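Engineer: Supplied in structure tokens, the structure appears directly below.
No lab work stands behind these numbers, since they all come straight from the coordinates. Remember, predicted model here, so these are calculated numbers, not experimental data. Because the Cβ atoms are built from the backbone with ideal geometry, glycine has one as well, and the counts that use them run over all protein chains shown.
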Amino acid sequence: MTVAGVSSEASAHVASLKPPHFVLEDIVRPNILSLQPYRCARDDYQDGILLDANENSLGHALPAGSSIPHQDRVDHTATPINGAGPSDALNLHRYPDPSLYGIKSRLASMRNLPGEDHVFLGVGSDEILDLIQRIVAAPGKDAIAICPPTYGMYSVCAAVNDVAVVKVPLRVEDGDFSLQVDQLIETLREHPNVKIVFLCSPGNPTGTLLSLRDVRRILDEPSYKGLVVVDEAYIDFAEEEIRMGVRGKEPVSAVELVKEYKNLLVTQTLSKAYGLAGIRLGIAYSQPALIQLMNNTKAPYNISVPTAHLSSLALSDAGLKKMRENVRTLISSRNWLVENLATIPGTGDILGGNDANFVLVQILDAPKTSGGKPDNARAGMLYKRMAEERALVVRNRSSDLGCLGCLRITVGTEEENERCIELMRQLLVKGEWS
Ligand SMILES: Cc1ncc(COP(=O)(O)O)c(C=O)c1O
């Protein structure tokens, strides 16, 4: 059976991709494969007198003079994106146009993919991580594989979908956080019901890029017939370092491999480097038949008009320039944080590769000079006191595998970073060890 909606050119293209042992139709749930997607008149006609979708023909009911508040950061004074506010320029009373301001074709060309049939847009990457499980993993029967420590939503979605979770830890010694590929492949052989392997690169909370050579080994493994999902929510930080000339020229994103492999799906997001967590735009890159299945399965019009509009601005040349400037600032602030955390006697090692916009730091039970060891109780105490007494909130990851005594600190503004270091120094050093 073929997937409804996939062009013959796309099918021919996919037939030429690796690996030969992967057959999409064999792993997709039969009810999804035979799904007749929701169709509306707007799929066929977008212009004219539109009396097809039960929209409100009078327009939106936002108060006159309302504006879309524009904030670079939460503590800035809101200034309107345009003086006039949302007139009907965005046609808010209409459901989103299927072309979504050309975002998909823009993303495809930014990533050197053949076309927009390789791109799916979700309500954040979280929607995509859930959707892909619903498409291939049968509740009560199938499983996913994850490599802890990793992003928590893979397991949450699995629990919601009644899908089992098989765990193959990353190599955690010395905060290395690389894949244990042999062990992963062995485990996949033992669990043929695993339909998706979720990899996170750079990882959360590890901040560490996975090697594309390792990812290829899993994609090429003939005994594994399922999909590989690479979650690249933080990839823009490592890619900017390539442009800056501080990381060599080797590609870091698995999107490179989408042109080669049909068993790969890569997710990215506008929530991190682009600073647009509030608009919820996630991206998936994969072969057209899988993208089509995702389109067939998602709720109609999942991407709102304001989200599509703001995304198109973010992906314009000027938007990309601004994103890259911000990413460079965050990278230099991250390096500053790393240097300064090391000067606090109560902190231990910084774990992982520091390839994202956060730092994973060990909190010790005694100063380094007295042989202090990473300590969960101390990390928990520091986390709580920072939040409750000084209103500075970081993340306590000390119970994650390989993250003993660790706090995860998001890179803030220069001022926020200085405050964070000062506060940790105060609480950890100045007579606060009891
Ligand atoms: C690794 C990882 N993947 C996905 C997400 C979710 O991103 P989005 O905002 O696109 O749903 C996050 C958010 O923190 C994340 O850390």
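Engineer: Can you pull out the residues in region 17-49 that are of a type in the set (Asp, Glu), closer than 30 Å to Arg94 by Cβ and either in a helix (DSSP H, G or I) or within 26 Å of the chain's Cα centre (by Cα) (or both)? Show your work before the answer.
Structural biologist: As a first pass, look at region 17-49 and keep what is of a type in the set (Asp, Glu): 25-26, 43-44, 47.
Add one more test, that the residue is closer than 30 Å to Arg94 by Cβ, and what stays is 43-44, 47.
Within region 17-49, just Asp43 meets the criteria.
Engineer: Are any residues in region 386-431 in contact with a Cys (Cβ under 9 Å, 6 or more places away or on another chain) and of a type in the set (S, T, N, Q), and if so, which ones?
Structural biologist: Those that are in contact with a Cys (Cβ under 9 Å, 6 or more places away or on another chain) and of a type in the set (S, T, N, Q): Asn396, Ser398.
Engineer: Going through region 135-160 one residue at a time, which ones are under 23 Å from Leu281 (Cβ atoms), more than 11 Å from the ligand (Cβ to nearest atom) and surrounded by fewer than 18 Cβ atoms within 10 Å (Cβ to Cβ)?
Structural biologist: Val156, Val160
Engineer: From the set of residues in region 198-217 that are closer than 17 Å to Thr267 by Cα and away from the ligand (no atom under 15 Å from the Cβ), which is surrounded by the fewest Cβ atoms within 10 Å (Cβ to Cβ)?
Structural biologist: If we take residues in region 198-217 being closer than 17 Å to Thr267 by Cα and away from the ligand (no atom under 15 Å from the Cβ), then Ser211 is surrounded by the fewest Cβ atoms within 10 Å (Cβ to Cβ).
Engineer: Taking region 253-272, which residues are under 21 Å from Leu330 (Cα atoms) and either surrounded by 23 or more Cβ atoms within 10 Å (Cβ to Cβ) or within 11 Å of the ligand (Cβ to nearest atom) (or both)? Step through it out loud before you land on a result.
Structural biologist: Residues of region 253-272 that are under 21 Å from Leu330 (Cα atoms), as a first pass: 253, 268-272.
Passing the criteria: Gln268, Thr269, Leu270, Ser271, Lys272.
Engineer: Could you check how many residues of region 366-415 are of a type in the set (Asp, Glu), within 25 Å of the chain's Cα centre (by Cα) and surrounded by 15 or more Cβ atoms within 10 Å (Cβ to Cβ)? So that I can check it myself, show each step before the final result.
Structural biologist: Keep residues of region 366-415 that are of a type in the set (Asp, Glu), which gives 375, 388-389, 400, 414-415.
This time we only want the ones that are within 25 Å of the chain's Cα centre (by Cα), so: 400, 414.
Add one more test, that the residue is surrounded by 15 or more Cβ atoms within 10 Å (Cβ to Cβ), and what stays is 400.
Residues that pass the stated criteria total 1.
Engineer: Before we move on, is Lys141 among the basic types (Lys, Arg) and part of a loop (DSSP other than H, G, I, E, B)? Before you say what the answer is, go through the steps one by one.
Structural biologist: Numbers: among the basic types (Lys, Arg): yes; part of a loop (DSSP other than H, G, I, E, B): yes.
Taking the combined requirement at face value, the residue satisfies it.
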